[in-house]
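Below: one structure, written as structure tokens.
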Amino acid sequence: MSTPAYSPGLEGIVAGETAICTVEGGLSYRGYAVGDLAEHCSFDEVAHLLLHGELPNAAQLKAFQTRVAAARRLPPPLKDLLAALPKWTVPLDALRTAVSALGHFDQDAADNSRDANLRKAERLLAQIPVVIADYYRVVKGLPEVQARQDLSHAANFLYMLRGGEATPQEVKALDVSLILYAEHEFNASTFAARVIVSTLSDLHSGITGAIGALKGPLHGGANEKVMDILQAAGAPEHAETWTRSALFRKERIMGFGHRVYKTGDVRAGILKAYARAAAEAAGETKWEDTADAIERVMAAEKNMFPNLDWPAGRLYHAMKLEIPLFTPIFAMSRVAGWSAHVIEQLDKNRLIRPRALYAGPAARAVTPLAHRA
Ligand code: CMC
């Protein structure tokens, strides 16, 4: 047997084919540049593109939104389960548990066909924001807010969370962030989902595993760390000194760096304008100015640039969303990409089973228990 190629963290390894997204020549979803999508489309249109392969026409969009809106409800036993979770359960963990539980209630649970997986994917897209909003309100002892059928993915989420309609500017900013978060080729959570379903497991198992992978601070969890960084830096005038000493201590500045993008992440540039506009609307631009100062040091000292989580964390904070909701919001968008990958993997499945480079003890004989020291 020949020795397989080895790259720690699979860096630079092509681990499969996809028609959903590429980072080559700038990030694009099914051929459309992400900046073009953010400028001209809604998240609902982009979710249709990812799941169904094409941007919808007006009638297709209406039909898609109607199907998704109709699925914006949870089985009552799941509501009881959410209410019964220990109150210290962070929202992302509650979401992971809820997605797993939703698999038990889905009428297509046992059907792994393409059509059934599309139906399940649309339902999960609808249910995830409901889980996040319901759990948020249950922990706070607030009454549940019924989903609205007439609102978009972003608008309905803000409505359910707050119990009142958001401004058009807030809806637009959240919507753009969801477009930018929706898909990203073979990132860790998507790859986890593909590994899971490559065993011919099911969509809910794949998405549950993906949420687990998303949680870590090197991936989706980074957006919840951004405000910690800014608060530790304190203020624009302290940011340079703080960043230099954090780098000296070899600390990671969460929201910077990327495994693939070494000269910057186009998504971060797009969302930065929305983060500043939201901060201005909230009357507090201190964190934007602090972020700018940190960016200057990171570019000069490390030749390192912000990723999408950097402006997303600031945008959500300026919108007065609580920090533990940030990674769940990432999930309520990325579920579109995850589901598209699950379906694509199953369309042309081959079990994902790589090899390992053995680094353990040399071959040795077992000493019977009675003779072991
Ligand atoms: N701050 C300071 N130093 C860093 C950072 C950072 N954010 N990221 C990497 N480095 C340093 C790292 O310490 C190492 O230095 P040295 O060579 O001196 O040991 C060097 O840069 C290379 O790091 P690496 O870990 O080998 O690089 P990677 O390609 O494996 O890492 C990364 C990619 C995203 C894990 C990393 O940049 C990181 O930890 N960033 C902070 C967490 C973060 O923002 N994650 C979000 C990623 S993108 C969107 C998403 O998935 O949500």
What shape does the chain take by its C-alpha gyration tensor, where a ≥ b ≥ c are the square roots of the eigenvalues and a/c under 1.5 counts as rounded, a/b above b/c as prolate, and the rest as oblate? rounded
Which residue, Gly12, Gly255, Gly337, has the most motion in a Gaussian network model of the chain that connects Cα atoms within less than 10 Å? Gly12
Determine the dipole magnitude for the chain: charges of +1 sit on the beta-carbon of Lys and Arg, -1 on that of Asp and Glu, nothing else is charged, the reference point is the Cα centre, and the result goes in debye to the nearest 20. 1180
Gyration tensor verdict on the stretch 283-330 (Cα atoms; rounded if a/c is under 1.5, prolate if a/b is larger than b/c, oblate otherwise): oblate
What's the exposure ranking of Arg249, Arg96, going from fewest to most Cβ atoms within 10 Å? Arg249, Arg96
Take the alpha carbon gyration tensor of the stretch 222-318, find the square roots of its eigenvalues, order them as a ≥ b ≥ c, and report rounded if a/c is under 1.5; if not, report prolate when a/b exceeds b/c, else oblate. oblate
Top positive-direction residue, dipole computed over the stretch 48-163 with Cβ charges, set Pro56, Val145, Pro129: Val145
What full-extension length gain, to one decimal in nm, is calculated for Asp289 and Glu24 as 0.36 nm per residue of separation minus the Cα-Cα distance? 92.2 nm
Can you tell me the convex hull volume per residue for the stretch 241-373, based on C-alpha atoms, in Å³ to the nearest whole number? 256
Within the stretch 235-373: Cβ-based charge dipole about Cα centre, in debye rounded to nearest 20 (Lys, Arg +1; Asp, Glu -1): 1060
With Leu61 itself left out, Lys, Arg at +1 and Asp, Glu at -1 over residues whose Cβ is under 9 Å from its Cβ give -1
Only helices at least 27 Å long along their own axis, judged from Cα atoms, and with Kyte-Doolittle mean hydropathy of -0.5 or greater: name those in the chain from DSSP H. 114-139, 326-347
Extension reserve of the Ala59-Tyr32 stretch, reckoned as 0.36 nm per residue once the Cα distance is removed: 7.6 nm
Ranking of Arg148, Arg355 by count of other Cβ atoms within 10 Å, fewest first: Arg355, Arg148
For a quick check: with amide H placed at 1.01 Å from N, whose amide H comes under 5 Å from Thr22's, ignoring anything fewer than 5 positions away on the same chain? Ser28, Arg30, Gly31
Candidate lysines for bridging to Lys172, where Cα separation is under 25 Å - those fewer than 8 sequence places away on the same chain excluded: Lys62, Lys225, Lys272, Lys286, Lys320
How would you rank Met332, Met319, going from fewest to most other Cβ atoms within 10 Å of each one's own Cβ? Met319, Met332
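Any read-out appearing in this document is the output of simple, stated calculations on the displayed coordinates, not a laboratory observation. Quick caveat: nothing in here was measured; it's all calculated off a predicted structure. We place every Cβ from the backbone using ideal geometry, glycine too, and count neighbours over all the protein chains shown.
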